[in-house]
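**Q** Here's a structure for you.
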């Protein structure tokens, strides 16, 4: 039942389509458009995290008697948004960026920034967008640095 509730709360985000051609713009569009939905369904998504954590602990102790509840829609959602960057980034940098964005795309950022940092939704959104932008810019810079280094090693300008 919780899986169905989570799927429903994520709804349009799971079929995200952006008119932006640039990867960075698409990711920031996804984050901006997803934020109100994540905020609206915050309690349901927090419940999913709580159950996931409880089941993980039970599983590690060998006490889980039910099927493990899995979360993970964000992987495919981000893959769709990141698609243009796949051509610009080496595979290892792309994979690292994908994982880094997965850490901040979801309910967990609400938990940290609201519960620990005492931020309001507007501040959470601003921090989220700042982090996404910084991660993407860092990945692009690493890719450019690597390309320039490879060119220098091969004697090309």
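**Q** Taking Cα atoms, how many degrees apart are the long axis of helix 23-40 and the longest axis of the chain, rounded to 10 and kept between 0 and 90?
**A** 10
**Q** Restricting to DSSP H runs of at least four residues, report the calculated mean residue ellipticity at 222 nm for the chain, -39500 (n - 2.57) per run over all residues, nearest 500 deg cm²/dmol. Could you put the intermediate results ahead of the total?
**A** On the way: 6 runs with 109 residues, N = 157.
That calculation yields -23500 deg cm²/dmol at 222 nm.
**Q** Specify the angular offset, from 0 to 90 degrees and rounded to the nearest 10, of the alpha carbon long axis of helix 91-104 from the longest principal axis of the alpha carbons in the chain.
**A** Tilt relative to the chain: about 40 degrees.
**Q** Who wins for biggest fluctuation among 37, 146, 46 in a Gaussian network model of the chain, springs between alpha carbons below 10 Å?
**A** The residue that fluctuates most here is 146.
**Q** Over the chain, what is the relative contact order in whole percent, taking alpha-carbon pairs under 8 Å and six or more residues apart? Kindly include the intermediate steps, with their values, before the conclusion.
**A** On the way: 120 pairs, mean separation 43.0, N = 157.
Rounded, it is 27 percent for the chain.
**Q** Read through the labelled values [x] 35; [y] 31; [z] 46 and report the label of the one computed as percent of Cα pairs over 28 Å apart from the structure.
**A** Step by step, percent of Cα pairs over 28 Å apart for this structure corresponds to label [y].
**Q** Tilt of helix 42-60 relative to the longest C-alpha principal axis of the chain, in degrees (0 to 90, nearest 10)?
**A** With both axes taken from Cα atoms, the answer is about 90 degrees.
**Q** Top mean-square fluctuation among 42, 137, 108, Gaussian network model of the chain, C-alpha springs under 10 Å?
**A** 137
**Q** In nanometres, what is the gap between the two model label sites at residue 47 and residue 142, each 7 Å from Cα along Cα-to-Cβ?
**A** 3.8
**Q** Separate question: Under the definition of Cα pairs under 8 Å and six or more residues apart, what whole-number percent is the relative contact order of the range 23-90?
**A** Values: 26 pairs, mean separation 35.5, N = 68.
Over the range 23-90, the number comes to 52 percent.
**Q** Which one of 64, 129, 82 has the biggest mean-square fluctuation once the chain is modelled by GNM with Cα springs under 10 Å?
**A** Largest GNM mean-square fluctuation: 64.
Computed from the coordinates by the stated procedures, all read-outs in this text should not be read as laboratory data. Model, not experiment: these values are computed from the prediction. Every residue, glycine among them, receives a Cβ derived from its backbone with ideal geometry; neighbour counts consider all protein chains shown.
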